[in-house]
Amino acid sequence: MEGAKLTPETFQQLKETDWGAVGQELLAFTILRIQNYKWGTYSRQELPQGKTPEDIVQHIIEKTLTGKRHWDPQKGPLVPWLKDQAKSVVDAVYNSAARRREIPTSTDDDENESDDLGLPRHRALDSFASPSNASPENILLEEEEAEWAAKRINTLFAAVSGEPELQQVLSVMMDGCEPKPRYLAEERGVSISEINNCLKRIRRHALKLEKEFDHAK
Amino acid sequence: MPNRKPPVTDKDLTRAITESFNEMELDSPEEIIAILSEAGYDPDQVSAQMKAVAERAMKEAPLNWRERAQEMEDAKARLMAFRSVLPSSRAEIINAIKELVAKLGSGKSELAMAQYRNFESAPDEDLTSLLHQLQYLSAQEDKRADTNED
């Protein structure tokens, strides 16, 4: 939330925070999320205007300490809140690119302004929800994306074929289980930490394949 | 347990898998260091850099200015508190100044005295101001001495 008042007590807590350690954790979190999206979205969207994960983290730290983004200690601890801030910035970039075609809202300068991290403000339309957007170009893009996703899924399943516990996690996701560790754990009847381990292993396979795709290009 | 519509296409499944990756928890500091290193960062450098960013932001924070302003207000209030114990006649003020200069020694009182070399012929207002400054220095000196004794 922006614009809310930063109280002296909250500011004191922020001053006492070990920003070296928090900054490391927040940067690692942001890197992971960007890698995840790069694996999972066809657009291979990059951060805008040459921004880096560090820029995102620094931006969030600055806004928090100057009170432009307001952390309320009553509502929860600092680090998860900071991660939510990073999440919202990264998601804004990748979700819009993954699910939608972006078109400018209007020619008004105000509406085409960038926010202070350089993310463009666009009105996003689901290109396939509206028949008027089902242009030959969009249909072709959709086909390319489907082909890309099939290749990605097939190679991932092939990579985990010798590891039944990883296959089972993917399988419950295919059955429609909410893809959060606690629900996957419940569905599989194992602990959350076991699911987290499985997801980390699946992710390692996925990123390795990602590198192989990149080399093949 | 909330279930949702099973993914129909490979694209849907890719999205669900990406979501599951996004939900994973970072377990340990070692894991954080490993992620940073794998991504080509020097973790120590990251730590120093983020600390520097935070320190700079704290200095620029409006609340920091407010704290500074409050400190200045407090110092001003302490200085003003001496007004109530000011001697009433000009002769008494001059005597009090001399006593404080002797107590503080030339080193400590030099700065305050620099403006009033011939203080005995200075106007009443300037004498009062000089006495304020010397009383303040003297109080600071007493406070420092108390702290050292403790």
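On inspection, A:I61 passes the criterion of being part of a helix (DSSP H, G or I), aliphatic (A, V, I, L, M) and facing chain B (nearest Cβ under 7 Å).
Quick grid of which residues meet (1) more than 14 Å from the chain's Cα centre (by Cα); (2) crowded, with 20+ Cβ neighbours inside 10 Å:
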{"position": "A:E46", "(1), (2)": "no, no"}
{"position": "A:G50", "(1), (2)": "yes, no"}
{"position": "A:K63", "(1), (2)": "yes, no"}
{"position": "A:K68", "(1), (2)": "yes, no"}
{"position": "A:D72", "(1), (2)": "yes, no"}
{"position": "A:K75", "(1), (2)": "yes, no"}
{"position": "A:V90", "(1), (2)": "no, yes"}
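Tell me yes or no: at least one residue of region A:53-64 is modelled with pLDDT under 90 and not assigned by TED's automatic domain parsing to the domain that holds A:A149. Checking region A:53-64: not a single residue is modelled with pLDDT under 90 and not assigned by TED's automatic domain parsing to the domain that holds A:A149. Filtered by the rule that a residue be in a helix (DSSP H, G or I), among the polar types (S, T, N, Q) and without any contact (Cβ under 8 Å) to a residue 12 or more places away in the chain, region A:156-207 gives A:Q167, A:S171, A:S193, A:N197.
Scanning region A:169-193 for residues that are over 16 Å from B:E19 (Cβ atoms) and either surrounded by 16 or more Cβ atoms within 10 Å (Cβ to Cβ) or not assigned by TED's automatic domain parsing to the domain that holds A:L156 (or both) returns A:E186, A:R188, A:V190.
Scanning region B:27-54 for residues that are at the interface with chain A (Cβ under 8 Å from one of its Cβ atoms) and not in a helix (DSSP H, G or I) yields B:D27, B:A39, B:Y41. Scanning region B:8-26 for residues that are among the charged types (D, E, K, R) and more than 7 Å from every other protein chain (Cβ to nearest Cβ) yields a count of 1. Which count do you get for residues in region A:23-33 that are facing chain B (nearest Cβ under 7 Å) and touching a residue at least 40 places away in the same chain (Cβ under 8 Å)? Residues meeting the conditions: 3.
The values are calculated or read from the model by the stated rules, or taken from the named source; none is laboratory data. What you see is a predicted model, and the numbers here were worked out from it, not measured in a lab. Cβ atoms come from the backbone with ideal geometry, glycine included; neighbour counts cover every protein chain shown.
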